[in-house]
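The values are calculated or read from the model by the stated rules, or taken from the named source; none is laboratory data. Everything numeric in this text was worked out from a predicted model, so none of it was measured. Note: ideal-geometry Cβ built from the backbone for every residue, glycine included; neighbour counts use all protein chains shown. Areas reflect the complete protein model, heavy atoms only, side chains present, ligands, DNA and RNA absent. Shrake-Rupley method; radii C 1.70, N 1.55, O 1.52, S 1.80 Å.
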Amino acid sequence: MLRALFLLLCAAAAAAGALDDAKEKFAAGDWKAALAAADEVPAEDDGYAKARYLAGEIHLMLGDPEGAEKAFRTALERKPGAEPLLTGLGRALLERGQDAEALKALEEAAKAAPDSARALCFLGIARMRATEGRKGRKEIEKAAQLGKDDPEVARAAVVAYLRDEDTDNAGKAARRFAKAQPKSPMGPFLVALVQEREKGYDDAIASYEAALKLDESFLDAHKNLAILCIAQNPLYTNQERTGKAIRHFERYFALGGKDAQVKRIWDTLQQFIEK
């Protein structure tokens, strides 16, 4: 009896340790190690839903929306109706192109937490995709005010504006966040998105590099920088850009990036290099 209790306590301590370890690795930007630690939390542990939520967020960062959807759905089985989980699920479904399902999940999220900037912002994006442009845009603008310090809300708003071909408001939103949060890598990253759309490619490269100086583990900055250096480098004639592309592709995959489109571009570049 005592031995069984001791083993049970040890298992509980190990599970708690795994979740704490996952959080620490996540904060440090060690995405692969954070995901591995989160996956070690057993289903019977009280922290299992939190671990699945964390895993979902990591899968989104890594460019694996299928894995994110599975993680968020599993967490929702334990915590039905939880806004962060519903918002995460909606984001994953948007990434997968399952817009109708995403809209449903995000409507539930916004209903569960009307003051959640993230839920409202991604709901706005879902509505814009569902051709409810004006309503969706109003929700995004409201979310940007509610969550003005939230980097993911700022990013979603800028991306939505760019999707709507509104580079003026996208630029204003990007610069506003960069000014308000000078230590956040999301600021220069968002500025780079707008510069790239406006065909200021050299400026965009510099801004992506500025984002990486603030956070070297910023996966999407590595990804966008690598792709930009290839897209604006016909036949790989610009050796400096080709070299940058190689370095940032390699770093993206070393950090655990899984985006299939990025992998295809990287494979094409490797074939050229090997010739």
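Our summary gives the chain a relative contact order of 11 percent, counting only alpha carbon pairs under 8 angstrom and 6 or more residues apart. Candidate values (i) -0.24, -0.40, -0.87, -1.18; (ii) -0.28, -0.46, -0.93, -1.18; (iii) -0.36, -0.56, -0.96, -1.15 were compared with log10 I(q)/I(0) by the Debye sum over Cα atoms at q = 0.07, 0.09, 0.13, 0.15 Å⁻¹ computed on the shown model; the agreeing label is (ii). Length available on full extension from TYR236 to GLU24: 0.36 nm per residue minus the Cα-Cα distance, which gives 72.3 nm. Taking THR242, THR167, THR131 as the candidate residues, the one with maximal mean-square fluctuation in a Gaussian network model of the chain, Cα springs under 10 Å, is THR131.
Compared with the dominant Cα axis of the chain, that is its longest principal axis, helix 186-197 is turned about 40°.
Of the solvent-accessible surface of the stretch 161-214, computed with a 1.4 Å probe over protein heavy atoms with every protein chain present, carbon and sulfur atoms account for 46 percent.
Counting only residues at least eight positions apart within a chain, or on another chain, the aspartates and glutamates with an alpha carbon under 18 Å from that of LYS263 are ASP64, GLU66, GLU95, ASP220, GLU250, GLU274. Taking amide H as placed 1.01 Å from N in the peptide plane, the amide H of LYS258 sits under 5 Å from that of GLY63, each at least 5 places away or on another chain. Backbone geometry of the stretch 85-97 corresponds, through the Karplus equation with coefficients 6.51, -1.76 and 1.60 at θ = phi - 60°, to 3J(HN,Hα) couplings of 6, 5, 5, x, 4, x, 4, 4, 5, 4, 4, 8, x Hz, x marking Gly and Pro. The slack between ARG73 and ARG134, meaning 0.36 nm per residue of separation minus the straight C-alpha distance, is 19.0 nm.
Charge tally around ASP202: other residues with Cβ under 13 Å, Lys/Arg +1 each, Asp/Glu -1 each, net -2.
With a cut-off of 14 Å between beta carbons, the residues surrounding TRP31 carry a summed charge of -4, where Lys and Arg count +1 and Asp and Glu -1.
Normalising the average separation of contacting C-alpha pairs (under 8 angstrom, six or more residues apart) by the number of residues puts the relative contact order of the stretch 217-257 at 50 percent.
Taking a sphere under 12 Å around the Cβ of LEU76 and counting the other residues whose Cβ falls inside, with K and R at +1 and D and E at -1, yields a net charge of +1.
Taking the longest Cα principal axis of the chain as reference, the axis of helix 151-163 is set at about 40 degrees.
Counting protein heavy atoms only, the stretch 33-86 has 50 percent of its accessible area on carbon and sulfur, 1.4 angstrom probe. Entry comment: accessible area of the stretch 166-249 is 49 Å² per residue, from protein heavy atoms only and a probe of 1.4 Å.
Note on the chain: GNM, Cα springs under 10 Å; of ALA192, ALA180, ALA157, the largest mean-square fluctuation is that of ALA180.
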